[in-house]
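To start, the structure itself, in structure tokens.
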Amino acid sequence: MKIGILPSSPLFCGMTTIEIEDMLSFLSASVRVYADGEYIFKSGEKINTAGLVLLGNVNVIKIDAWGNRKIIEQVRQGHIFGETYACNPTEPLMISIVANGAAKILLLNITRVFSLEAAKHTFTTKFIHNLVFVLAKRNLMLTQKMDYITPKSLRARIISYLTHEALSQGSREFEITFNRQQLADYLSVDRSALSNELSKMKKEGLLSFHKQHFILSINAITPLSEQKE
């Protein structure tokens with residue numbers, strides 16, 4: 001199997017080409033292509049396999065008993081999903097993973113790193129170290145999302161999210177990967193209300209946008225405490 005982008009993935013950071021190839025073999029790695037909207041993992045399933053995005057991106061979603069859909073996270077190229085449940089294979093999924101556009105996924109049998117056989121191989125040590133790092137980053141991401149959805153006002157949620165994206169991408173002009181419905185789902189707000197608020201902010205000169213391309217003005221990046229009403 002070609003290792004492609006794997007050396008730049010956090011999961012394989014610091015590993016040599018040979019170590020990555022040995023790790024892929026040890027984890028019974030396989031590649032599968034998913035169509036837009038196709039489920040990779042479904043809520044209620046028990047899994048021992050995690051996925052790494054080779055191409056495209058996927059959404060981690062949660063659907064309640066009334067059919068309301070929320071996006072918990074979007075996983076982009078080079079990053080992993082499902083690892084928390086793969087490390088706990090007796091625990092049923094409380095979320096679903098759906099392809100957001102066509103996606104190529106590397107599937108890895110993560111539970112094998114906890115086997116007695118894994119201890120016989122030196123290459124598993126680096127991988128386990130990276131896996132722990134990825135799990136820690138996942139926890140930080142979920143904490144970050146709390147900053148997006150805890151403000152009472154819709155505007156505060158929007159500013160919190162867009163400010164983080166601007167800082168992450170190093171520019172006040174940037175692209176987001178969510179469409180309007182997905183962004184509404186991610187921020188746990190109504191799509192119409194979101195669109196209306198974005199239009200108001202545009203008229204007030206706080207930002208400009210076209211579809212998923214945004215430009216924030218200096219005035220938009222204000223202390224969030226001023227936005228929480």
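Quick notes on this structure:
- Stokes-Einstein, applied to the Kirkwood radius of the stretch 24-71 over Cα pairs at a viscosity of 0.692 mPa s and 37 °C, places its translational diffusion at 252 µm² s⁻¹.
- Carbon plus sulfur fraction of accessible area for the chain, probe 1.4 Å, in percent: 55 percent
- When each full DSSP H helix of the chain is screened for a Cα extent of at least 15 Å along its own axis and an average Kyte-Doolittle hydropathy of at least 0.5, none passes.
- Selection among Ile158, Ser9, Ala86 by position relative to the dipole of the chain gives Ile158 as farthest towards the positive end (Cβ unit charges, Cα centre).
- Kirkwood-type hydrodynamic radius, the stretch 1-98: 14.5 Å, calculated from all non-identical alpha-carbon pairs.
- Heavy-atom accessible area per residue - the stretch 84-182, 1.4 Å, Å²: 51 Å²
- Spherically averaged projected area in nm², based on the convex hull that wraps the Cα atoms of the stretch 94-229: 10.9 nm²
- Residues within the reach of a label modelled at Glu175 (point 7 angstrom out along Cα to beta-carbon, backbone nitrogen below 16 Å), restricted to the stretch 68-100, are 75-78, 100.
- If you wrap the tightest convex hull around every Cα atom of the stretch 137-196 and split its volume per residue, you get 88 Å³.
- Rg and Dmax [Cα atoms of the stretch 6-47; Å; Rg one decimal, Dmax integer]: 13.8, 37
- Plainly put, the chain has a radius of gyration that is 1.01 times its Kirkwood radius, both from alpha-carbon atoms, as the Rg/Rh ratio.
- Restricting the calculation to Cα atoms, the stretch 60-149 shows an Rg/Rh of 1.00 when the hydrodynamic-style radius is the Kirkwood one.
The values are calculated or read from the model by the stated rules, or taken from the named source; none is laboratory data. Everything quoted here is computed from the prediction, not taken from an experiment. Virtual Cβ from ideal backbone geometry, glycine too; neighbours counted across all protein chains shown. Remember, those area values only see protein heavy atoms, side chains included, never the ligands or the DNA or RNA. Shrake-Rupley method; radii C 1.70, N 1.55, O 1.52, S 1.80 Å.
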